[in-house]
Ligand code: 2PG
Ligand code: MG
């Protein structure tokens, strides 16, 4: 048996950052190398993404994963036994064929993605290289540009404001570490401003400050002030990035902004975002319109997509066919890549391939329910994606990933160098 052949696979029930059970898979290879990975979990989920297998019933609000663990220990372990962990596509094809559904609902996207990622980790361990190097081959990639949350909202903050992620991108940072330094200063300044107003009220799911704001615009104004208070120049050194996550409050062409007390149609929503783009130094907007509003996404991209990154998450769900169809209609100019939306690493990587073929950008992303697993950092670097989003710069499941990046940067031929500004729409 080849040293990189899968010898055994074991599922384990572990915990995520929202105190919910999730799936860890550990794989051992014939030569003794091991790899393990943990499935994350989303809260604002695209309706077409791979679904997690959950037990239902009383325990843990129905979110237990004992059935997914059983699938890992049983069918998945049997089906992957003997496969070469270095042949990721063969592993992932076997997983998809074994599941046999379009949405991974039989075995569970949680069991599948943990197995897929664990195989990659085991293969890298067998070669004695970090996962990013296993994925990059001979290429010399540069560190991804961080996209970091300062205020969390939407489904991650009980709908306290409508917009889900108020983030910053250190567009003028000279390297990865400086991008983190600047963001940490902005996060601290934002906390001071909130405390000064008596509005510091803890953090949301991804570590961003709790959004105790009177309106969505109030959050944007505060973010600009925080950038300035940190001694940085909004728009020049640091841009604002939003994940509107519009599918959470919009459907059938109607958008209900509860915090602002407004209901808008698709054109009205585009116009509102256009006003924000005029008033604030916004460089990137994710899911500006709902997943069922591809025409709106195309209209938005045509109006603003030249200077701004328009990222598709819920509508594209890390799916290559969806990226291709969206590119044909002119909807979005970048894709968000979440392995657990696709169910396997190969599925997610295919979405990246489709984005590249369309001349789009891409962002590797963690989920709102996370763990200490740092696979996404290695994917962003190893696939040469150029951007990484893992929530805020607080909470251990977030800092685990940013800190992994710091460690990796020390080992790169390119150090902490970031992609050239000209590669991005704001360049
Ligand atoms: C998103 C993610 C991460 P969730 O919408 O991009 O912020 O959230 O994991 O809840 O889908
Ligand atoms: Mg999103």
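No value in this document is a laboratory result; all are computed from the given coordinates. Fair warning: this is a prediction, and the values are worked out from it, not measured in the lab. Note that we place each Cβ from the backbone using ideal geometry, even for glycine, and neighbour counts take in every protein chain shown.
With a ≥ b ≥ c the root eigenvalues of the C-alpha gyration tensor of the range 61-205, is it rounded (a/c under 1.5), prolate (a/b larger than b/c) or oblate? Oblate shape, in that a/c is at least 1.5 and b/c is the bigger or equal ratio. Relative to a virtual label point 7 Å from the Cα of residue 13 in the Cα→beta-carbon direction, which members of the range 101-132 show backbone nitrogen distances below 15 Å? Zone members listed by number: 111. Distance between the 7 Å Cα→Cβ label points at residue 262 and residue 81: 6.0 nm.
Kindly express, to the nearest 10 degrees and within the range 0 to 90, the angle between helix 88-99's C-alpha long axis and the longest C-alpha principal axis of the chain. For 88-99 against the chain, the angle is about 90 degrees.
Approximating the spin labels as points 7 Å out from Cα along Cα→Cβ, the residue 66-to-residue 215 distance works out to 5.1 nm. When a/c reaches 1.5 or more, the comparison of a/b and b/c decides; with that in mind, is the chain rounded, prolate or oblate per its Cα gyration tensor? In terms of gyration-tensor shape, prolate. Computed as a quarter of the hull surface, the mean projected area of the alpha carbon convex hull for the range 1-139 stands at 8.8 nm².
Arranged from fewest to most other beta-carbon atoms within 10 Å of their beta carbon, 390, 129 become 129, 390. Angle of helix 216-229 to the longest C-alpha principal axis of the chain, folded into 0 to 90 degrees and rounded to 10: 90°. Entry note, the chain: relative contact order of 19 percent, from Cα contacts under 8 Å with a spacing of 6+ residues.
Compared with the dominant principal axis of the Cα atoms in the chain, helix 294-304 is inclined by about 60°. For the range 329-346, the residues whose backbone nitrogen is under 19 Å from a point 7 Å from the Cα of residue 302, taken along Cα to Cβ, are 329-334.
Length gained on full extension, residue 2 to residue 181, computed as 0.36 nm times the residue gap minus the Cα-Cα distance: 59.9 nm.
Helical runs assigned H by DSSP (4 residues or longer) give the chain a calculated mean residue ellipticity at 222 nm of -11500 deg cm²/dmol, each run adding -39500 (n - 2.57) before division by the residue total. In this label model, residue 197 and residue 98 are separated by 5.1 nm, measuring between points 7 Å along each Cα→Cβ vector.
Tell me the relative contact order for the range 150-232 as a rounded percent, counting alpha carbon contacts under 8 Å between residues six or more apart. Relative contact order, the range 150-232: 39 percent.
Would you kindly calculate the translational diffusion coefficient of the range 334-427, applying Stokes-Einstein with the Kirkwood radius from alpha carbon pairs, for 10 °C and a viscosity of 1.306 mPa s, and quote it in µm² s⁻¹ without decimals? Once the numbers are plugged in, D ends up at 114 µm²/s. Name the most mobile residue of 391, 153, 137, meaning the one with the largest mean-square fluctuation, in a Gaussian network model of the chain with Cα contacts below 10 Å. The residue with the greatest mean-square fluctuation here is 137.
Once Rg and the Kirkwood radius are both taken over the C-alpha atoms of the range 223-381, their ratio Rg/Rh works out to 0.98. Put in line by how crowded their Cβ is, counting other Cβ atoms within 10 Å and starting with the fewest, 105, 47, 422, 284 read 422, 47, 105, 284. From least to most packed, judged by other beta carbons within 10 angstrom and beginning with the fewest, 22, 306 follow the order 306, 22. Computing FRET efficiency as 1/(1 + (r/R0)^6) for residue 158 and residue 129, where r is the C-beta to C-beta distance and R0 is 45 Å, gives about 0.55. Between residue 251 and residue 174, the contour length at 0.36 nm per residue exceeds the alpha carbon distance by 23.6 nm. Normalised by residue count, the range 105-183 yields a Cα convex hull volume of 153 Å³ per residue.
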